[in-house]
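All remarks here apply to the structure that follows.
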Amino acid sequence: MIAAALLALYQVVAPPPGVLTVRAADRETAVPVVETNAGPALRADLVATALGGGVKERADGHFLVTLPGVEFDVTEQVPFARAGDDVVPLSAAPFVDGGKLYVPMQLVSEALPRYGTGVFYDPGRVELRMFAASALATPAGAVGAAPSPRAGSRASAAERDDPFYGASPSASVVHTAATRAPASSSGAVSRLGRVAPSRLTGRRRVVVVDAGHGGPDNGMHGPIGGSFQIYEKDITLSVAKLVAAQLRDRGVDVVMTRTTDTLIALDDRGRIANQSRGDLFISVHVNAANPNWKDPAAARGFETYFLAEAKTEEARRVERMENEAVRFETRVDAPKGDPLSFIMNDMAQNEHLRESNDLAATIQDHLREMHPGPSRGVKQANFAVLRTSFMPAVLVEIGFGTNPTEATFLNDSARQRRIADAIADAAVEYLGHYERRVAGGAAR
């Protein structure tokens, strides 16, 4: 009975919208695209074979999908895949029908170009191209030579009323075609198919991107009453990697505090930023509702914090929640510094207080243009991860993972990219304003 119900979820609800064309070497293969209630899907074996790979079913219920440069480990009815040590959120769960494994189209249109090698996806032609000889099953996590084109980072008024937000938590929307942004005088069309922001004119800047939690510290998990589970550490790492890629595309150097599922001590994250001579520090997190609220599952929205004394009980609650990661750290605390050291650290932090506030406000402005949840504003709290970062530093709560609908939104790869676009745009905009302020001061 349960198996029948699961299969019914994936029954074809409309005629196939077309085919995915796979071009590899001197051959061309047409792979049917199947429309299901959960979005477009493909037979994994047909795609893999067309690219010179294959699909192997393991005894533990897992499937190994071997594609150029990467091997995805997927499980039926689980909306995640593994690529080496990386957890890859899927837009929908893979399923088996007629003894064949079907995967969401997003796995090959978005995840494959990012984790594999020598593969490019053209959404306008619904075409997957292998443009170079690629060794199969090379170390996973390698970034493809050409990421898939995607839509502009700025949302229109209609897009801000995101239709995804009304979707069932069990089904994600997959966009198989991206709208191309026209070239304009304000910026050239980038290799990602959108209008790139103006490049910074001063010295190359360094932004430190921090994916919250990691390793044994899962962070929050949710949603409340949901039929699926997400963990903060997985969402933050996925979004942080996308932010890093977007910043590099805009001509900014990036240092990441972690690129795998590992634990980094909270104060070590700030030290990494300082040793890297970072200009900005951006820490990405997922929020969780207070279980004592009247309806905690309904809480949603995004907010950005900078380092200062918490002004509200809610800010103090989030501060305590994000600072709890210290319990996973096994080393002892360093001895307290002398009074002069304390004074110097305090002066260094105060120097960046206003700048951090400005950066937080800029991030909120950009997220407001694409995020369907309400803006919860700029807030301040004494986050441990920000204390040792002697530069403008913020902590971004990109949404509530305890809210079933917002958890689905955060788990959707297309929405993760739009969140990353917004954060990257905000960072570049802030740095541009900072350069102009510095130049203006020098001129006077």
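The values are calculated or read from the model by the stated rules, or taken from the named source; none is laboratory data. Predicted model only: the values in this text are computed from it and were never measured. So basically every Cβ, Gly included, is an ideal-geometry build from the backbone, and we count neighbours across all protein chains shown. The accessibility values were calculated without ligands, DNA or RNA, using every heavy atom of the protein model including side chains. Shrake-Rupley method; radii C 1.70, N 1.55, O 1.52, S 1.80 Å.
See the values below:
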read-out	value
For region 419-435, 3J(HN,Hα) per residue [Karplus equation, 6.51 cos²θ - 1.76 cosθ + 1.60, θ = phi - 60°, Hz, x = Gly/Pro]	4, 4, 4, 4, 5, 5, 4, 5, 4, 5, 4, 4, 4, x, 5, 5, 4
Nonlocal amide H pairs with Val19, under 5 Å, H built at 1.01 Å	Val33
Accessible area (Å², 1.4 Å probe, nearest 10) - Ile272	40
Burial ranking of peptide ranges 94-102, 26-34, 409-417 (average Cβ count within 10 Å, highest at the top)	409-417, 94-102, 26-34
Solvent exposure ordering (accessible area, 1.4 Å, most first) of Ile264, Ile363, Ile224	Ile224, Ile264, Ile363
Span from the region 52-86 Cα centroid across to the region 387-411 one, whole angstrom	29
Overall form of region 38-80 per C-alpha gyration tensor (a/c, 1.5; a/b vs b/c)	oblate
By average C-beta atoms within 10 angstrom, highest first, the peptides 295-305, 236-246	236-246, 295-305
Long pairs among Lys241/Lys379; Lys100/Lys233; Lys233/Lys294, criterion Cα-Cα beyond 30 Å	Lys100/Lys233
³J(HN,Hα) computed for each position of region 93-104 - Karplus, 6.51 cos²θ - 1.76 cosθ + 1.60, integer Hz, glycine/proline x	7, x, 8, 10, 9, x, x, 10, 7, 10, 10, x
